[in-house]
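Note sheet for the following structure.
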Amino acid sequence: MAARDEQLIEVLGVLAEGVRFKILSVIASKGELTAKDILENFDFTQPTLSHHMASLTKAGLVIVKRKGRYAYYSINKDTIDLVASGIDSLKNPSKTSVAEKKAKRKELPAVTEDTEKLKKGKKKKKKDKSKKKKKD
């Protein structure tokens, strides 16, 4: 599996948690926010927010900038673009995907006359063995 696909799967797993998606939505709608600003929109504790923010940050969905005592959270637009293009590729496969498939086909070993002879030789040996068993 491609590294891009693995990253997309990880990000989607993090977003599958409804609270994390809502946190991301709040940050996206308001721009750069502190934890206190984010908490004003939810009915849970700071440690719970910290847990969710760690997951969002690890997945690359949120960027953290520290200024003095405060941490400011903002959306990582590159990761959002990755998710959007990943989902979009499911409904509109790109020409690159077709080209990648063709390249993989070319990587497969070509069937040559030598390969065919080897296959026939193996079959004959199997038949010869069976004939010997019948004679005995």
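Since every read-out is calculated from the coordinates, none of them should be taken as a lab result. Treat the numbers as computed from the prediction; the structure is a model and nothing was measured. When we count neighbours, we look across all protein chains shown, and the Cβ atoms used for this are built from the backbone with ideal geometry, even at glycine.
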Candidate set: region 44-82, residues that are in a loop (DSSP other than H, G, I, E, B) and polar (S, T, N, Q); chosen: the one surrounded by the fewest Cβ atoms within 10 Å (Cβ to Cβ): Thr45
Tabulated pairs, region 56-68, first within 23 Å of Asp5 (Cβ to Cβ), second crowded, with 19+ Cβ neighbours inside 10 Å and among the small types (Gly, Ala, Ser), C-beta under 9 angstrom, 6+ apart or interchain: none
All positions within region 8-32 that are closer than 17 Å to Phe42 by Cα and free of Cβ contacts under 8 Å to residues at least 24 places away in the same chain: Gly18, Phe21, Lys22, Ser25, Val26, Ser29, Lys30
